[in-house]
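So the structure is just underneath, and the comments pick up after that.
The values are calculated or read from the model by the stated rules, or taken from the named source; none is laboratory data. All values reported here derive from a predicted model rather than from experimental measurement. Positions of Cβ are backbone-derived with ideal geometry, glycine not excepted, and every protein chain shown enters the neighbour counts.
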Amino acid sequence: MQGGVPRQYRDGSYELPVCALISNLVQPGWHCVDAGAHLGYFSLLLAKQVGKGGKITAFEAHPENARRLKKHLQINHLDGRVTIENQAVSNGLTSTVSLFEGRNDSSCEWNIIGRDTAGKMKEAVLQIPATSLDIYFPPSIAIDFIKMDIEGAEELALSGMHRILRESRPLVLVEFHNPEAWAARIELTNAGYQLYDVEHSSWIDQTSESKRAYLCLAVPENRVVALSSQINPQPL
């Protein structure tokens, strides 16, 4: 990337633990989804990881962010591996949703839930297309990895990927921005996933009322042992 983006994007210091996790897990040839792609920091990393035989589908709700995302991919000669969808990821019950601004006009905090990450209510700015992952991807398309950072709409998006969680069994890296989103983790646990708290390097005990973990990797239970050395530390 180049000028007009956060310094940490330019110098490669942004969310290093997340980058390391993606580098350890995502394999050549995979099909990955970047839900909440913003300017493409993780889309670029994912595109490099999957190689020429892989594919990234990047969803970005705000039109200007999507335009800049496309530019950054072209600059890095990775646009051939990434399909950009300028629409929100939701539950699929409506084909359009309102887009609300975040705190301090931040380009990375646009949301579809009507309040910013501090809980302050916001005015709608745009009407944008919306879809669910179950609607967008037909059953014949397998998904290997999903990164989700959608500013509080995780509850909607997780309920809209019921089939994919059970058929494709992807790894899901998700930020839980509020208590409602955290409660929606039941969509993952009901589908047979174990949750790993990335920030605290620990597996979450799902038998208790766990304190909200902000950043989680959801792993199908039958893959936890096989992937434990790449995720680290040892699972429960």
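I'd like to check something: does the range 63-75 contain any residue that is under 15 Å from residue 136 (Cβ atoms), in contact (Cβ under 8 Å) with a residue 12 or more places away in the chain and among the aliphatic types (A, V, I, L, M)?
No, every residue in the range 63-75 fails to be under 15 Å from residue 136 (Cβ atoms), in contact (Cβ under 8 Å) with a residue 12 or more places away in the chain and among the aliphatic types (A, V, I, L, M).
Do you know which residues across the range 179-224 are modelled with pLDDT under 95, under 19 Å from the mean Cα position of the chain (by Cα) and of a type in the set (Lys, Arg)?
The answer is 212, and nothing else.
For the range 115-145, give me each residue that is farther than 30 Å from residue 223 by Cβ, crowded, with 16+ Cβ neighbours inside 10 Å and small (Gly, Ala, Ser).
130
Among (1) farther than 23 Å from residue 204 by Cα; (2) surrounded by 15 or more Cβ atoms within 10 Å (Cβ to Cβ); (3) touching a residue at least 60 places away in the same chain (Cβ under 8 Å); (4) not small (Gly, Ala, Ser), there is one condition residue 148 misses while meeting the rest; what is its number?
Failing condition for residue 148: (1).
Return a yes/no flag: does the range 155-165 have any residue that is assigned to a loop (DSSP other than H, G, I, E, B) and at pLDDT 95 or above.
Yes, the range 155-165 has at least one match.
Only one of 150, 143 is of a type outside the set (D, E, K, R), in a loop (DSSP other than H, G, I, E, B) and touching a Phe, Trp or Tyr at 6+ places or on another chain (Cβ under 7 Å). Can you tell me which?
143
Looking at the range 224-236 only, could you name the residues that are surrounded by fewer than 14 Cβ atoms within 10 Å (Cβ to Cβ) and touching a strand residue (DSSP E or B) at 6+ places or on another chain (Cβ under 9 Å)?
The answer is 233, 234, 236.
Just give me the residues in the range 20-51 being in contact with a Phe, Trp or Tyr (Cβ under 8 Å, 6 or more places away or on another chain) and either among the β-branched types (Val, Ile, Thr) or assigned to a helix (DSSP H, G or I) (or both), in sequence order.
Within the range 20-51, 22, 25, 26, 33, 41, 46, 49, 50 qualify.
With the structure loaded, tell me whether residue 113 is under 23 Å from residue 187 (Cβ atoms) and either in a strand (DSSP E or B) or touching a Lys or Arg at 6+ places or on another chain (Cβ under 7 Å) (or both) or whether it fails that test. Talk me through it step by step, then tell me what you get.
Details: under 23 Å from residue 187 (Cβ atoms): yes; either in a strand (DSSP E or B) or touching a Lys or Arg at 6+ places or on another chain (Cβ under 7 Å) (or both): no.
Here the answer is no, as residue 113 does not meet what is asked.
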